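All remarks here apply to the structure that follows.
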Amino acid sequence: MRACRFIPFNRPWTDGSEIAEVTESIRSGWLTTGPKVRRFEDSVARLVGARNAVAVNSCTAALHLSLAAAGIGPGDEVVTSPYTFAATGEAILYLGARPVFADIDPVTLNLDPEQVRRRIGRRTRALLPVHIAGLPCDMTALRALARRHRLAIIDDAAHALGSAIGRRSIGDGRLADMTCFSFYATKNLTTGEGGMVTCGDARTAERIRRLSLHGLSRDAWKRYARGGTWRYDIVELGFKYNLTDVAAGIGLAQLSKFRAMQRVRRRLAREYTRLLKAEEAFELPAEVPGTTHAWHLYILRMRPRVLRLDRAAFIEALRVRGIGTSVHFMPLHLFSFYRRTFGYRAGSHPHTERESARAISLPLYPGLTRAEQGHVLDVLIDTARRYRR
Ligand SMILES: *Cc1c(COP(=O)(O)O)cnc(C)c1O
């Protein structure tokens, strides 16, 4: 087998265009929220087919403000998935509300609508589905539940820029009330750190915009531009969540090659599936007919009955042979903070716990070369054969 240098789990894909955009921002003297943020918002809105988009400095902030705009507060409950990153639960807790975890569908790793239905109670105000890896959730079923129980839907689309159900993109402003994207360094499109809310309702978007900038009256960000004014009002308690023009410049450069980047992700995912399909040791990621998978992650699941090493040992075996992998995600409800605060115990969400325990995310990014992917596949298959029962 050919020797390869270490293949990291993730590597952001940038070229000269990001550098040019950032340089231009710095030269222009406009570093913080300004014209590039507006252009970036308009471009993302167009990409997903939404009427409104508000850029913020993380998806965590996007979730926080969306929940705030939905009126979530102390005593309220938000039903969400425990198969997710810290941010999803955190944003609910910032508002004094309670995250209520519903178990996932073990095939898709997304919220199981039937489990969601069982967790809806008197205090439930919103649903917060997470499109894991970029595979869209069952929004038809979740919307039916939301309608019946008069709940808002805010989706965590940190993985789902480029995902669609039929011809409708995740974030189009109709599949959910508000959709939250992440532009963190590892995500399908990056601004270093950044996020965005898209939504159908213009007044909601204005509220989120205001909340992202200290609750200042409209367009206060223009106050240092010619024609701006020094006058502003503080209309409500807000936060400091605005995105900078420097970051938006990176985003604009990334957007211009987004379709090409997504094509590479799709090709890499298809290649993993083609060559691992016959491997009994692994279960491959689900795809749902009629939906577009954004392929943020390729989550492989080990079959413990076939392999005689555990997940940690498997990851280590790959690492010593130069392959970086990761785990998405450890069950949120079982972290010590959640156990201590809410009394969750192992066994409460069996599908999440079982699937999480055998999940390994493979390298998947536009900069991964065919040769590198070939090496990842060789090592994976060889390691699986070596440790078969
Ligand atoms: C990355 C991620 C987030 C948080 O995104 P930030 O932009 O880093 O705040 C939220 N949810 C999921 C599922 C994520 O993977």
(request) Go through region 114-126 residue by residue and tally those that are open to solvent by less than 30 Å² (accessible area, probe 1.4 Å) and closer than 21 Å to Ala286 by Cβ. (result) 1
(message) Among the listed residues Thr33, Thr60, identify the single one that is among the polar types (S, T, N, Q) and outside any loop (DSSP other than H, G, I, E, B).
(response) Thr60
(request) Go through Pro99, Pro106 for me and flag whichever is open to solvent by less than 10 Å² (accessible area, probe 1.4 Å), modelled with pLDDT of 95 or more, in contact with a His (Cβ under 9 Å, 6 or more places away or on another chain) and not small (Gly, Ala, Ser). (result) Pro99
(message) Pairs needed: first member in region 47-70, outside the structural domain of Ser163 (by TED's automatic domain parsing); second member anywhere, among the basic types (Lys, Arg) and open to solvent by 10 Å² or more (accessible area, probe 1.4 Å); C-beta distance under 6 Å; at least 6 residues apart or different chains.
(response) none
(request) Return the residue satisfying two criteria in turn: it lies in region 133-170 and is more than 14 Å from the ligand (Cβ to nearest atom) and among the small types (Gly, Ala, Ser), and of such residues it is nearest to Leu67 (Cα to Cα). (result) Ala152
(request) Filter the helices (runs of 4 or more DSSP H) completely within region 308-389 down to those with at least 2 residues that are among the aromatic types (Phe, Trp, Tyr). (result) 336-342
(request) Mind listing whichever residues of region 242-274 are assigned to a loop (DSSP other than H, G, I, E, B) and open to solvent by 40 Å² or more (accessible area, probe 1.4 Å)? (result) Thr244, Ser256
(request) State the number of residues belonging to region 191-201 that are at negative phi and open to solvent by 10 Å² or more (accessible area, probe 1.4 Å). (result) 3
(request) Any chance you could count how many residues in region 124-181 are of a type in the set (Ser, Thr, Tyr) and assigned to a loop (DSSP other than H, G, I, E, B)? (result) 1
(request) Quick one: Gly162 ticks every box in (1) touching a helix residue (DSSP H, G or I) at 6+ places or on another chain (Cβ under 6 Å); (2) on the phi < 0 side of the Ramachandran plot except a single one, so which number is it? (result) (2)
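The values are calculated or read from the model by the stated rules, or taken from the named source; none is laboratory data. The shown structure was predicted, so the numbers you read here are calculated from the model rather than taken from an experiment. Cβ coordinates were reconstructed from backbone atoms using ideal geometry, including for glycine residues, and neighbour counts include every protein chain displayed. Areas reflect the complete protein model, heavy atoms only, side chains present, ligands, DNA and RNA absent. Shrake-Rupley method; radii C 1.70, N 1.55, O 1.52, S 1.80 Å.
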